[in-house]
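Encoded as structure tokens, the structure appears first; notes follow it.
The values are calculated or read from the model by the stated rules, or taken from the named source; none is laboratory data. Please read these numbers as outputs of a predicted model, since none were measured by experiment. Positions of Cβ are backbone-derived with ideal geometry, glycine not excepted, and every protein chain shown enters the neighbour counts.
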Amino acid sequence: MTLSRNVRNALFTGLGYFIALELMLIAAILFWPSFEENTAALKVLASPLPVLREMFTELEQKGVSAYVLSQHFFKGCNVLGCAAAALIAANAIAAEAQRGTLEIFLLRPLSRRRLLLERWLTGAIQVSVPVLLTTLTIPLFLSQVDESLALGPLMLCAVHQCLFLLSLFSVTFLFSTMGRAPLHLAFAVLVFIIFNFSIYMVKTVTHMSVFRLADMETFLEIYEKGALPLGVTAGILVLIGGCLWGSLSVFERRVP
């Protein structure tokens with residue numbers, strides 16, 4: 001009964017996340033013709049912030065590809081995806097401890113390693129699959145405004161976005177295996193996200209922001225080259241793997 005409830009909750013969470021991403025994507029694409037006409041005026045409005053000014057310059061030069069990549073990945077997936085990753089991971093184990101049900105969870109006839117991997121994999125699917133599915137619909141919606149983008153490079157961008165979100169998810173998941181206050185953990189991670197987004201907009205410290213790993217320039221490079229950035233991808237995979245290994249080690253020794 002517990003497992004089916006968890007699966008049902010995961011499906012509802014994933015569906016809500018998918019619908020929100022899809023609605024944001026549809027609105028952004030349908031707004032493209034109007035945006036294209038007013039790019040120059042918007043660039044003037046953004047001039048006080050050098051980072052935004054550079055972004056609008058890129059939008060002028062690259063057109064619809066830069067617009068879609070920034071709207072779907074940098075704005076939509078980063079904002080909603082980071083929030084989803086933080087909340088899902090924070091609740092994965094810490095919520096069981098807070099409710100006093102962790103001992104019941106551990107009584108299931110499965111090893112602790114398998115129990116934890118099930119939770120991690122369920123959360124990873126919730127965080128990643130909506131990004132992949134919404135990206136698949138981009139060519140369809142672009143056809144409604146007489147534009148087109150290649151699906152293959154778009155999916156590579158989606159893979160990079162998923163890895164970025166999974167790195168945040170895995171770090172939060174590690175802390176979830178240690179704690180019993182999911183709201184405090186989620187709040188701390190969300191503060192970290194907001195802080196990094198705020199310094200991204202400040203030219204002198206923008207390169208210290210984690211969002212430099214998943215901004216418009218990064219996705220444009222992936223789209224145009226048709227390849228993932230190997231160094232960054234390897235680093236993210238090492239971080240995810242290290243956090244998962246740490247989570248397994250902590251959970252093996254955890255007392256309810």
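Remark: Leu69 falls outside the filter, which requires a residue to be touching a Lys or Arg at 6+ places or on another chain (Cβ under 8 Å) and surrounded by 15 or more Cβ atoms within 10 Å (Cβ to Cβ).
Considering the stretch 193-202, the residues that are farther than 29 Å from Phe251 by Cβ, surrounded by 15 or more Cβ atoms within 10 Å (Cβ to Cβ) and not aliphatic (A, V, I, L, M) include one that is modelled with the lowest pLDDT, namely Tyr200. If you check Leu166 against the conditions, is it part of a helix (DSSP H, G or I), hydrophobic (A, V, I, L, M, F, W, C) and over 14 Å from the mean Cα position of the chain (by Cα)? No, not satisfied. Out of Leu151, Leu190, one residue alone is surrounded by fewer than 19 Cβ atoms within 10 Å (Cβ to Cβ) and out of contact with any Leu (no Cβ under 8 Å at 6 or more places or on another chain). It is Leu190. Screening the stretch 94-114 for residues that are free of Cβ contacts under 8 Å to residues at least 24 places away in the same chain and among the aliphatic types (A, V, I, L, M) and picking the one that is surrounded by the fewest Cβ atoms within 10 Å (Cβ to Cβ) gives Leu107.
A search for C-beta distances below 8 Å between a residue of the stretch 156-184 that is within 23 Å of Val131 (Cβ to Cβ) and any residue that is outside any helix (DSSP H, G or I), counting only pairs 6+ apart in sequence or on different chains, returns Leu156/Gly226; Leu156/Ala227; Leu156/Leu228; Val159/Leu228; His160/Leu228; His160/Pro229; Phe173/Ile93; Ser176/Ile93. Among the residues of the stretch 235-252, are any modelled with pLDDT under 95, under 20 Å from Thr172 (Cβ atoms), in contact with a helix residue (DSSP H, G or I) (Cβ under 6 Å, 6 or more places away or on another chain) and loosely packed, with under 15 Cβ neighbours inside 10 Å? Yes, there is a match, as at least one residue in the stretch 235-252 is modelled with pLDDT under 95, under 20 Å from Thr172 (Cβ atoms), in contact with a helix residue (DSSP H, G or I) (Cβ under 6 Å, 6 or more places away or on another chain) and loosely packed, with under 15 Cβ neighbours inside 10 Å.
If you go through the stretch 93-116 and pick out every residue that is within 29 Å of the chain's Cα centre (by Cα) and not in a loop (DSSP other than H, G, I, E, B), you end up with 13.
For the residues Val255, Val205, Val189, the requirement of being at pLDDT 95 or above and either over 24 Å from Arg99 (Cβ atoms) or out of contact with any Phe, Trp or Tyr (no Cβ under 6 Å at 6 or more places or on another chain) (or both) singles out Val189.
Pull up the stretch 129-167, narrow it to residues that are in contact with an Asp or Glu (Cβ under 8 Å, 6 or more places away or on another chain) and β-branched (Val, Ile, Thr), then point me to the one that is nearest to Gly81 (Cα to Cα). Only one residue fits best here, namely Thr134. Please verify whether Thr135 is of a type in the set (Ser, Thr, Tyr), over 21 Å from Val64 (Cβ atoms), under 17 Å from the mean Cα position of the chain (by Cα) and modelled with pLDDT of 95 or more, treating the condition exactly as stated. Here the answer is no, as Thr135 does not meet what is asked.
Quick grid of which residues meet (1) β-branched (Val, Ile, Thr); (2) assigned to a helix (DSSP H, G or I):
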| residue | (1), (2) |
| --- | --- |
| Ala124 | no, yes |
| Ser128 | no, yes |
| Thr135 | yes, yes |
| Phe141 | no, yes |
| Val159 | yes, yes |
| Arg180 | no, no |
| His184 | no, yes |
| Phe187 | no, yes |
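Residues that are surrounded by fewer than 13 Cβ atoms within 10 Å (Cβ to Cβ) and under 11 Å from Pro130 (Cβ atoms) within the stretch 18-37 comprise just one, Ile19.
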